[in-house]
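Trainee: Before we start, here is the structure in question, set down as structure tokens.
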Amino acid sequence: MKKFLALLPFTLFLFACSGTNTTGDLTQTGSGEIAAGSGSVADETAAKQIVIEFGTKMKAVSLLAGSGTVLKAMDDNYGNLVTPDLLSAWKSKPSIAPGRMTSSPWPDHINVTAVTPMDDQTMIVSGNVVEMTSEEVAHGGYANMYPVRIVVVNQNGAWRIAAFMKQ
């Protein structure tokens, strides 16, 4: 929580200064980005959808693979969902990135518990990463769950993850 509170003002400052376009309806572009809508409900839905999609991609990024494999997996799975700055930070130090740390359990998805608008350009999404093993896949339940806070920003008309904090 302390990391989240320490990073929040910096993150908000950076993205308050960026150019944005918030007109139009909630749409998914051909590149997989969720475009910003004109209303706060549409914006909250877009922020939530980005986090849900990101959660489904985490298992495909094996942080124990060779560096070339990890970097390619980050580009392929996170590239359209996170800001370029965050992707660059994770690629320069993969150990701080979310993803698959072991063969089992693996991160399966994120259950979103709350979306809190900070302003019309920034949402804080709270949720839980749900980890699975083949046992839970076969018989139900989950292996582990841990809370996360995710900063989602409207960057040039598309919602992207700007910060990811494991609680």
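The values are calculated or read from the model by the stated rules, or taken from the named source; none is laboratory data. Just so it is clear, the model here is predicted, and its values are computed rather than measured. Reconstructed Cβ throughout: ideal geometry from the backbone, glycine too, with neighbour counts over all protein chains shown.
Trainee: May I ask you to list the residues in region 62-103 that are without any contact (Cβ under 8 Å) to a residue 12 or more places away in the chain and not polar (S, T, N, Q)? Please lay out each step first, then the result.
Mentor: Going through region 62-103, the residues without any contact (Cβ under 8 Å) to a residue 12 or more places away in the chain turn out to be 65-66, 68-69, 72, 79, 84, 88-89, 92-93, 96, 103.
If the condition is that a residue be without any contact (Cβ under 8 Å) to a residue 12 or more places away in the chain and not polar (S, T, N, Q), then 65, 66, 68, 72, 79, 84, 89, 93, 96 are the ones that fit.
Trainee: Residue by residue through region 93-127, note down the ones that are of a type in the set (Gly, Ala, Ser) and touching a Lys or Arg at 6+ places or on another chain (Cβ under 6 Å).
Mentor: Filtering region 93-127 for residues of a type in the set (Gly, Ala, Ser) gives 95, 97, 99, 103-104, 114, 126-127.
Once the filter is applied, which keeps residues that are of a type in the set (Gly, Ala, Ser) and touching a Lys or Arg at 6+ places or on another chain (Cβ under 6 Å), region 93-127 yields only 126.
Trainee: Right, here's the next one. Restricting attention to region 96-133, report how many residues are farther than 18 Å from residue 57 by Cβ and within 16 Å of the chain's Cα centre (by Cα).
Mentor: Qualifying residue count for the region: 10.
Trainee: Could you check how many residues of region 113-125 are surrounded by fewer than 17 Cβ atoms within 10 Å (Cβ to Cβ) and touching a residue at least 12 places away in the same chain (Cβ under 8 Å)? Spell out how you get there, then give the answer.
Mentor: Of the residues in region 113-125, the ones surrounded by fewer than 17 Cβ atoms within 10 Å (Cβ to Cβ) are 113-114, 116-120.
Next, only the ones that are touching a residue at least 12 places away in the same chain (Cβ under 8 Å) stay: 113-114, 117-120.
The total comes to 6.
Trainee: Which one is farthest from residue 103 (Cα to Cα), of the residues in region 43-78 that are buried (at least 16 other Cβ atoms within 10 Å of the Cβ) and charged (D, E, K, R)?
Mentor: Ranking the candidates gives 43 first.
Trainee: Among the residues that make up region 21-42, is at least one of them on the phi < 0 side of the Ramachandran plot, part of a loop (DSSP other than H, G, I, E, B), within 15 Å of the chain's Cα centre (by Cα) and modelled with pLDDT of 95 or more? Break it down into steps so the answer makes sense when it comes.
Mentor: First, pick out the residues of region 21-42 that are on the phi < 0 side of the Ramachandran plot: 21-23, 25-31, 33-42.
Applying the additional criterion that residues be part of a loop (DSSP other than H, G, I, E, B) yields 21-23, 25-26, 29-31, 33, 36-39.
Narrowing further to those that are within 15 Å of the chain's Cα centre (by Cα): 33.
Subsequent filtering for residues that are modelled with pLDDT of 95 or more retains none.
No, every residue in region 21-42 fails to be on the phi < 0 side of the Ramachandran plot, part of a loop (DSSP other than H, G, I, E, B), within 15 Å of the chain's Cα centre (by Cα) and modelled with pLDDT of 95 or more.
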